[in-house]
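These notes are about the structure you will find just below.
The values are calculated or read from the model by the stated rules, or taken from the named source; none is laboratory data. Owing to the predicted nature of the structure, the values given are computational and were not obtained by experimental measurement. In this analysis, Cβ positions are derived from the backbone assuming ideal geometry, glycine residues included, and neighbour counts consider all displayed protein chains.
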Amino acid sequence: MTLLEVENLRKTFGGIVAVDGASFSVEEGTVTGLIGPNGAGKTTTFNLVSGFYEPDSGVVRYRGTDTQELMTPSRDERAIWVSSAGVGFGTVGLAGASLSGVATPGLLAGTAVGAVAGAGIYYGQEWLRGRSDDTRRTRPFRLSQAGLARTFQITRELQGMSVLENLMLAPKGQRGENLTQTWFNRSAVLEQEASVREEARDMLEFLEIDHLETEEAGNLSGGQRKLLELGRILMTDPDLILLDEPVAGVNPTLTRKLLERLEELRDQGYSFLIVEHDMEVIMNISDTIIVMAEGQKLMQGTPEEVQSDERVIDAYLGG
């Protein structure tokens, strides 16, 4: 089953064409490598797929749905924002009416005017945002909620929190995130928290860093941080994981450990798209490899096909 489809993707930065009509796919339950010489457009493609950049043209589909649609605010969200703005301005109207000693009809009128003003300001802001080049309109967290998650070349752990706390923060829809639940359903919150803690400890054991449970994440080595970030991603229960140079700067021992975990996860049904410069690593772990050059897909095939393709050799050697 095709999990990810990239079709005619294009992205420019000023006069520089970073990605120029790239098209490829990722199948479920596979490890797909994304390689290419420096400047090939790999990182930009990664950021487009994961929702951190908005494409100039082309489309990225996750499970058949355009990722831009997945990141678009829903009607319910917009309704909440409008209501919040209206309530805020309505409160101002109420306060103003109260201070001036206006009767009840005046209070209602003030609230209504405030609500309309709030809605107008909200939609005015959205209109301006939609036409501002400086405003990012993508919402990558929605892709993570849908099951498409990523790591970063430079890890982004919460340094002042313990390793265990970093993992416990990741699962979606925790009761403790809801203030009402925390106040009025505390036993359920604590029960779920205990379950998440146990799951996090199992993850640390799987990654073989359980001895670091209470260590602050900022004190870990580069390789340990890579393992922690992988664990944090797995705690979100993803289907497709995008790994940005997972073994860069990692010592050989931890590299082997990380690769072993990736192979186990692939066997469990997880899917991966990996950007990596270490050719030995990518050739050994990938089922399929996509080669990019000058912003375009040069070819897609098995590791054996890629290694023997003259176009790939020429791209890397500058032929």
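Summary table
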{"read-out": "Filter result for GLY269 (surrounded by fewer than 15 Cβ atoms within 10 Å (Cβ to Cβ), under 26 Å from GLN145 (Cα atoms) and under 22 Å from the mean Cα position of the chain (by Cα))", "value": "yes"}
{"read-out": "Scan of the range 173-190 for residues that are surrounded by 12 or more Cβ atoms within 10 Å (Cβ to Cβ) and over 25 Å from PHE141 (Cα atoms), ordered by number", "value": "ASN185, ARG186, ALA188, LEU190"}
{"read-out": "The lone exception for GLU229 - which of (1) in contact with a helix residue (DSSP H, G or I) (Cβ under 7 Å, 6 or more places away or on another chain); (2) buried (at least 16 other Cβ atoms within 10 Å of the Cβ) it fails", "value": "(1)"}
{"read-out": "Some residue of the range 35-55 being at pLDDT 90 or above, of a type in the set (A, V, I, L, M), more than 18 Å from ALA293 (Cα to Cα) and assigned to a strand (DSSP E or B)", "value": "no"}
{"read-out": "Test: THR236 is under 27 Å from ALA146 (Cβ atoms), assigned to a helix (DSSP H, G or I) and hydroxyl-bearing (Ser, Thr, Tyr)", "value": "no"}
{"read-out": "Neighbours by Cβ (under 6 Å, 6+ apart or cross-chain): first from the range 153-165, of a type in the set (D, E, K, R); second crowded, with 19+ Cβ neighbours inside 10 Å", "value": "GLU157/ASN166; GLU157/ALA217; GLU157/ARG225; GLU157/LEU228"}
{"read-out": "Selected residue [in the same structural domain as THR2 (by TED's automatic domain parsing) and over 18 Å from VAL26 (Cβ atoms)] from ASP287, ASP314, ASP267", "value": "ASP314"}
{"read-out": "Only listed residue being over 15 Å from ARG156 (Cα atoms) and hydrophobic (A, V, I, L, M, F, W, C), chosen from LEU228, LEU240, LEU220", "value": "LEU240"}
{"read-out": "Which listed residue, of GLY301, GLY231, GLY249, is of a type outside the set (D, E, K, R) and either in contact with a Gly (Cβ under 8 Å, 6 or more places away or on another chain) or in the same structural domain as VAL196 (by TED's automatic domain parsing) (or both)", "value": "GLY249"}
{"read-out": "The range 154-172: number of residues that are assigned to a loop (DSSP other than H, G, I, E, B) and buried (at least 16 other Cβ atoms within 10 Å of the Cβ)", "value": "4"}
{"read-out": "Residue under evaluation GLY160, criteria (1) at pLDDT 90 or above; (2) closer than 21 Å to PHE52 by Cβ; (3) not β-branched (Val, Ile, Thr), criterion not met", "value": "(2)"}
{"read-out": "Residues that are in a helix (DSSP H, G or I) and closer than 21 Å to ASP244 by Cβ, drawn from the range 207-223", "value": "ALA217, GLY218, GLY222, GLY223"}
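Residue-by-condition table, conditions (1) crowded, with 21+ Cβ neighbours inside 10 Å; (2) not polar (S, T, N, Q):
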site: LEU3; (1), (2): yes, yes
site: GLU7; (1), (2): no, yes
site: ILE16; (1), (2): no, yes
site: VAL19; (1), (2): yes, yes
site: ALA22; (1), (2): yes, yes
site: ASN38; (1), (2): no, no
site: LYS42; (1), (2): yes, yes
site: ARG63; (1), (2): no, yes
site: GLU69; (1), (2): no, yes
